[in-house]
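S.K.: Quick one: the structure is below, questions incoming.
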Amino acid sequence: MDEIFDSEKIRSEAENLIRSFLDSHPQKNGSIFVVGCSSSEIVGGKIGKDSSAEAGKAVFETAKKICGEKGLFLACQCCEHLNRALVVESACAQKYSLDEVSVVPWAHGGGSLATAAYYGFSKPVVVEKIQASAGIDIGLTMIGMHLKSVAVPVHFDSKIGCATVVAAYSRPKLIGGERARYTRD
């Protein structure tokens with residue numbers, strides 16, 4: 001791994017990117033915001049090989065704080081070993097009629113972010129899939145499967161630790177062809 005882990009630096013970088021994204025692409029109150037995160041990539045390791053509980057916890061706590069302030073439900077994506085299931089608060093699962101699955105994530109079977117979420121939410125549940133309105137992907141973990149159509153990517157010049165970060169928000173589909181109008185007169 002290339003960098004010594006600095007929890008405060010990771011929190012600061014995550015906060016800056018998440019706030020910047022949500023300020024420029026505000027989401028409706030009660031929407032779902034998904035976070036995918038490779039803690040391995042954050043600390044300079046290879047995805048899935050160098051999990052960092054501290055990095056996962058730093059990202060989770062930062063995202064949870066911001067989503068709480070903005071009235072959003074946070075969904076934390078598990079790793080491929082749990083089929084990219086998501087940890088959410090039970091209120092989110094109830095509101096969106098999400099199907100729960102039975103599993104408890106841990107660092108090497110779910111990932112550090114999902115583990116932090118499972119133990120950091122007040123009433124966590126794991127669900128198989130969602131359709132989030134927006135999300136951020138730290139370390140290129142493939143959050144696209146959890147976004148509504150049509151996902152619009154947003155690229156960042158900055159990183160979180162050593163991890164590349166991309167985000168996306170969704171917009172309604174444009175339908176109707178050449179006779180359609182998409183704004184009010």
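S.K.: For segment 14-94, count the residues as N, evaluate 2.2 N^0.38 Å, and divide the Cα radius of gyration by that value, please. Walk me through the numbers on the way to the answer.
M.R.: Numbers: Rg = 13.2 Å, N = 81, 2.2 N^0.38 = 11.7 Å.
This ratio for segment 14-94 stands at 1.13.
S.K.: Please get the size of the charge dipole for segment 1-149, origin at its Cα centre, with Cβ charges of +1 on Lys and Arg and -1 on Asp and Glu, quoted in debye to the nearest 20.
M.R.: Numbers: 15 positive and 18 negative charges, 101 e Å.
The calculation lands at about 480 debye.
S.K.: Something else: What net charge is computed for the residues neighbouring Gln77, neighbours being all others with C-beta under 9 Å from the C-beta of Gln77, Lys and Arg scored +1, Asp and Glu -1?
M.R.: Details: positive: Arg84; negative: Asp137.
That sum, taken over residues with Cβ under 9 Å, equals 0.
S.K.: I need the shape label for segment 50-109. Rule: rounded when a/c is under 1.5, else prolate if a/b > b/c, else oblate, with a, b, c from the alpha carbon gyration tensor.
M.R.: Working: a/c = 2.85, a/b = 1.12, b/c = 2.55.
Oblate, since a/c reaches 1.5 and b/c is not below a/b.
S.K.: Which cross-chain or sequence-distant (5 or more) residues have an amide H under 5 Å from the amide H of Val101, H modelled 1.01 Å from N in plane?
M.R.: Val126, Val127, Glu128
S.K.: For the pairs Lys57/Lys159; Lys64/Lys173; Lys65/Lys173; Lys95/Lys129; Lys9/Lys123; Lys95/Lys148, note any where the Cα-Cα span goes beyond 20 Å.
M.R.: Details: Lys57/Lys159 17 Å; Lys64/Lys173 29 Å; Lys65/Lys173 31 Å; Lys95/Lys129 14 Å; Lys9/Lys123 29 Å; Lys95/Lys148 16 Å.
Result: Lys64/Lys173; Lys65/Lys173; Lys9/Lys123 exceed 20 Å.
S.K.: Going by the alpha-carbon gyration tensor, a ≥ b ≥ c the square roots of its eigenvalues, is segment 44-166 rounded (a/c under 1.5) or, if a/c is not under 1.5, prolate (a/b greater than b/c) versus oblate?
M.R.: On the way: a/c = 1.43, a/b = 1.16, b/c = 1.23.
The shape class here is rounded.
Any read-out appearing in this document is the output of simple, stated calculations on the displayed coordinates, not a laboratory observation. Here the structure is a predicted model, which means the values were calculated and not measured. Cβ atoms come from the backbone with ideal geometry, glycine included; neighbour counts cover every protein chain shown.
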